[in-house]
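The values are calculated or read from the model by the stated rules, or taken from the named source; none is laboratory data. Quantities reported herein were computed from a predicted structural model and do not represent experimental measurements. No Cβ is skipped: glycine too gets one built from the backbone with ideal geometry, and neighbour counts run over all protein chains shown.
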């Protein structure tokens with residue numbers, strides 16, 4: 001009986017991981033297709049890692065909180081060195097009313113952020129520079145774009161960043177490495193090609 005329960009638990013966890021990777025692949029495409037002015041090619045090619053949260057819920061009144069599960073793709077999303085499950089949680093202070101739910105994509109440009117997430121967790125604070133929203137809007141040519149922030153963040157819901165601060169939000173990795181095979185993984189690594197029309 002114990003063996004049967006263990007077997008059921010094993011397959012349940014495996015299915016949940018596959019579903020998370022597949023949801024992340026779909027959310028990555030949806031979110032970045034909505035960011036029409038973003039330098040997508042440069043973000044994909046030059047970032048050190050990509051964190052994708054299919055669903056981040058933000059709720060509150062004056063003092064708010066957020067939470068969601070996703071994956072961190074270390075290296076180029078076309079050929080990642082590893083994929084880890086991650087979560088985001090914490091509070092933010094600002095003019096916040098009601099409830100928001102959106103996918104969230106973070107492009108990481110600093111190796112130390114990846115190491116901190118893998119070792120335990122990282123808190124988004126004033127030591128890190130984070131650019132939110134459509135950061136390529138004021139650039140006439142993609143070649144003019146210079147990445148100067150540590151993290152670039154995009155959300156599918158245009159109003160998700162309104163009146164909010166991510167200060168105090170915590171990103172942490174779970175003690176697991178997701179397998180780099182199967183249908184969900186194939187969809188993930190092909191997502192960048194789909195965005196770039198390849």
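Among the residues of the stretch 73-82, write down those that are surrounded by 24 or more Cβ atoms within 10 Å (Cβ to Cβ) and either modelled with pLDDT of 90 or more or in a strand (DSSP E or B) (or both).
First pass over the stretch 73-82, keeping only residues surrounded by 24 or more Cβ atoms within 10 Å (Cβ to Cβ): 73, 77.
Passing the criteria: only 73.
Anything in the stretch 140-188 that is out of contact with any strand residue (DSSP E or B) (no Cβ under 9 Å at 6 or more places or on another chain), surrounded by 15 or more Cβ atoms within 10 Å (Cβ to Cβ) and modelled with pLDDT of 85 or more? List them, or say none.
If the condition is that a residue be out of contact with any strand residue (DSSP E or B) (no Cβ under 9 Å at 6 or more places or on another chain), surrounded by 15 or more Cβ atoms within 10 Å (Cβ to Cβ) and modelled with pLDDT of 85 or more, then 182, 184, 187 are the ones that fit.
Output the residue which, of all residues in the stretch 128-139 that are out of contact with any helix residue (DSSP H, G or I) (no Cβ under 8 Å at 6 or more places or on another chain) and assigned to a loop (DSSP other than H, G, I, E, B), is modelled with the lowest pLDDT.
Looking at the filtered set, the residue picked out is 139.
For the stretch 95-119, give me the residue count where each residue is modelled with pLDDT under 75 and either part of a loop (DSSP other than H, G, I, E, B) or surrounded by fewer than 14 Cβ atoms within 10 Å (Cβ to Cβ) (or both). Give the steps one after another, and end with the answer.
Here is the first cut: in the stretch 95-119, the ones modelled with pLDDT under 75 are 95-99.
Retained after the next criterion (residues that are either part of a loop (DSSP other than H, G, I, E, B) or surrounded by fewer than 14 Cβ atoms within 10 Å (Cβ to Cβ) (or both)): 95, 97-99.
Adding up the residues that qualify gives 4.
Only one of (1) surrounded by 16 or more Cβ atoms within 10 Å (Cβ to Cβ); (2) in contact with a strand residue (DSSP E or B) (Cβ under 6 Å, 6 or more places away or on another chain); (3) modelled with pLDDT under 90 is not met by residue 124, so which one is it?
The failed condition is (2).
Could you please find all residues in the stretch 46-72 being surrounded by fewer than 19 Cβ atoms within 10 Å (Cβ to Cβ), over 13 Å from the mean Cα position of the chain (by Cα) and at pLDDT below 90?
57, 59, 60, 61, 62, 63, 65
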